[in-house]
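None of the figures in this text is laboratory data; all of them are computed from the coordinates on show. Treat the numbers as computed from the prediction; the structure is a model and nothing was measured. Cβ coordinates were reconstructed from backbone atoms using ideal geometry, including for glycine residues, and neighbour counts include every protein chain displayed.
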Amino acid sequence: MGLFLLILAAPAAAETMEEEAARVSEATELEGRARFAGAADVLGPLVDRYPQDYALQMRVAWDLYRAERFASALPHYEAAADLSGGTPDSHLGLGWTLLSLGRCRDARTHWEAALDGPGDHPLALEGQAICENRIGSRVAVEVGGVGHLYRRHPSLLSGFGGFTSLDAVVEGVFLVGATYRLVALESVNESTGPGPGPGGTTRGTSFASQHEVHGRVGMRWASGDVRLAYGYVSSDVPQLFTPMHAVGALLRLRPFGELVFEASAALATGSQVLRFAPSWWLPVTDWLLLRPGGAVQAVIDGGVYGAGELTVLVHGEVGSLWVGGRGGAQYHAVFFEQPTIYNIEDTIREGAWLGGTVRLGGGFSVRVDYEMQRRLVPMTDGSEQEAWAHFGVLRLRWEST
């Protein structure tokens, strides 16, 4: 009876060995084609069957790491470290995986363990340096000037001003920042009474100051960051520029390139506008990126607006250049990336922009931006007048290293 059972079991055992060999062969082929996630999936049943196999745990962990499935790689590296008593390779794997998950403080323990073993382990030294840099605090300061020029606008002629921003990374994780902008806008004013114009209308110009303040807090991790933002803008001419509060959030994720999601609410007396704007910095080559994006706005007790845009950016060792355009319509739009609040009643229609950045060394860089917008300005008789707005920005930035 026992011999009979052995005879029945033998084909099953042989089939299992053939299956295992086929799995290993398939995984090797997939790894050769850089399909690391597929290789890890193929080897998964073998890990379940042989959880005590150190080499197998390390292989699956490395495949998952190269597939950027860091959270899935972590338990396999942990199992390998437990099985081996903590080899330098398992500590290196744990360190780099934790670093990729944004857990630098935990990763430092494994860099130190790897360095305690024989050899210098340059990968451990490199990871340790990256973690020290991320855990430490960093500061970025930006100052700049802005210029406005309006054509065919019934109320605005020009403007000039300046701004300053301060952003900091605290303990490598927490983000805090603030921006203040002051712009003097030249506006047209008319008065009725004794004067040279028809019916005694006098037409003149005057300057009004507009103050804009922004604050933001957030946190970051290896594959992204999130910020909560608040802004307020006020003007000496409230009948032309609506005092406005803005609140929102900005989320960046980096699975491939950078996905950006911005949500905001513009709050003013008699006007509440919700806005959602997704975009994607998509790497095409090592030096070329595309950023398609869009925005949807809903005016409470009003209409719905939509817009689409595309930016093309080329970059190199010295700096970068970009050009882009937008179509659609936006009203009382809030851009927390800039940051800017449009608190005028104009509807922004088509637009185009270009700019560039040059790195000067020592943490300094210079950036120049130009943007042109076509606008529709509401008139008192219910009609709309087409107008053009031009903006130029020059900024100097310093970032601690």
Net length gained if the chain between SER234 and ARG359 were fully extended (0.36 nm per residue, minus Cα distance): 41.6 nm
Förster radius 30 Å - calculated FRET efficiency between LEU166 and ARG66 (Cβ-Cβ, nearest 0.05): 0.20
Chymotrypsin sites (Phe, Trp or Tyr not before Pro) restricted to DSSP loop in region 12-84 with at most 14 other C-beta within 10 Å: none
Pairwise FRET efficiency - TRP398 versus HIS315, Cβ, R0 = 25 Å, nearest 0.05: 0.80
Region 68-97 versus region 315-333: alpha-carbon centroid distance in Å: 42 Å
Label-to-label distance, nm, for residues given as GLU78 and GLN338 (7 Å Cα→Cβ offset): 4.6 nm
Label point distance in nm, ALA34-LEU182, each placed 7 Å from Cα along Cα→Cβ: 5.3 nm
Hz values of 3J(HN,Hα) by residue in region 292-297 - Karplus curve (6.51, -1.76, 1.60), Gly and Pro given as x: x, x, x, 8, 10, 10
Computed label-point distance, nm, for sites ARG105 and HIS390 using a 7 Å Cα→Cβ extension: 5.3 nm
